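Scroll down for the structure; my scribbles are underneath it.
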Amino acid sequence: MIGGTVGPPYDLVPALDGARARTPLGLSTRSLALLLFCVAVPTLIPLEWWFVGVPTWLGSIWLVLRDPDARYRRRMGVLLGSVAILAFAPIETDTSNRGYLLVGGFFLAAILLPTLVLKKTDPGVIDYRIWPYKFRWLDVLYVLIAVPLAYFLIKWYFFTVNLYMPTQWALPPEYDNEEVWRLVVGLNCVGIWDELFFVNICFAVLRTMHRFWIANLAQAVVYTAVLYDMAFIGIGPFLIYAFALTQGSMYEESKCLLWVLIVHLIIDAFLLENIIAHYYPNHGSFHWF
């Protein structure tokens with residue numbers, strides 16, 4: 001049953017009188033703040049529709065600041081702050097030293113802001129817990145299912161639907177071991193950051209303020225927006241959104257990062273294989289497949 005039966009329960013911020021107030025749309029002020037947040041994320045980060053993103057971001061901020069609960073204001077505030085950081089980040093697949101430093105700096109700031117603020121004011125909301133509270137064979141089954149599913153979905157995505165997808169990551173015409181390893185390191189570092197930010201921070205923080213399915217739908221919007229901006233175009237957003245929902249569900253059940261990280265790194269391994277195979281057919285990292 002989805003709902004977090006493993007590990008400590010989420011510290012849900014109760015809906016106070018101000019949060020229960022209904023807007024003309026029939027939504028509570030917190031629901032409207034979250035809705036504006038979800039509109040601001042894709043319009044600011046990948047689409048750069050400032051005329052939509054800035055007003056919706058400011059509208060969400062305004063509603064959050066009016067909430068009577070300081071915990072809610074802090075928690076939504078750090079998420080909105082992280083979104084503002086990512087809106088100015090040069091999100092791309094550049095693996096040069098300059099690219100690493102630029103994107104890495106913005107990504108690090110997006111993680112540090114919520115972590116440092118909430119560590120002192122709301123300890124336990126963000127928990128970088130790797131190991132599960134309790135071992136469950138169901139989590140292992142999820143991981144085992146992810147292996148063939150990831151392999152065939154990426155093959156289908158790269159070689160049937162979006163044939164130009166591998167070119168989203170630039171590699172030199174001739175095989176260069178250093179450039180390939182830069183891609184390997186960069187892609188896996190981003191994959192780890194994805195789970196630390198989208199699941200361990202966005203989902204975990206939203207989960208303290210909303211029911212599971214609402215928090216999961218919202219974090220998947222952030223997940224999809226950033227990865228679409230990075231590389232996953234075409235039907236990529238639909239695949240990423242579905243994947244983000246499964247990652248949120250797995251984290252909800254296990255309350256740890258181990259399983260979501262393993263699944264993500266499995267996907268990254270097949271992603272790397274197909275990128276490398278596209279540029280250098282005889283040098284695929286898993287050429288026996």
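Derivation of every value follows stated rules applied to the coordinates shown; laboratory data play no part. For clarity, every value in this text was computed on a predicted model and none was experimentally measured. Heads up, the Cβs are rebuilt from the backbone with ideal geometry, glycines too, and the neighbour counts pull from every protein chain shown.
More than 19 Å apart: what percent of Cα pairs in segment 157-289 qualify?
52 percent
Run the dipole for the chain about the Cα centre, Lys and Arg Cβ at +1, Asp and Glu Cβ at -1, nothing else charged, and hand back the magnitude in debye, nearest 20.
Dipole about the Cα centre, nearest 20: 1220 debye.
What list of ³J(HN,Hα) couplings, whole Hz, do you get for segment 77-90 from phi and the Karplus terms 6.51, -1.76, 1.60, once you set θ to phi - 60° and write x for glycine and proline?
x, 5, 5, 5, x, 5, 4, 4, 4, 5, 5, 9, 6, x
Read through the labelled values (i) 17.3; (ii) 14.7; (iii) 15.8 and report the label of the one computed as mean projected area of the Cα convex hull in nm² from the structure.
(iii)
Report the full-extension gain for the segment residue 131 to residue 66: residue separation times 0.36 nm, less the Cα-Cα distance, to one decimal in nm.
On the way: separation 65, 0.36 × 65 = 23.40 nm, distance 3.79 nm.
Contour length minus the Cα-Cα distance gives 19.6 nm.
Can you sort 96, 60 from fewest to most other Cβ atoms within 10 Å of each residue's own Cβ?
Taking fewest neighbouring Cβ atoms as first place, the list is 96, 60.
From the phi of every residue in segment 112-126, what ³J(HN,Hα) in whole Hz does the Karplus formula 6.51 cos²θ - 1.76 cosθ + 1.60 yield, where θ is phi - 60° and glycine or proline is x?
5, 4, x, 5, 5, 5, 7, 4, 8, 9, 9, x, x, 5, 9
Using Cα-only point scatterers and the Debye equation, what is log10 of I(q)/I(0) for segment 63-149 at each q in 0.23 Å⁻¹, rounded to two decimals?
-0.99
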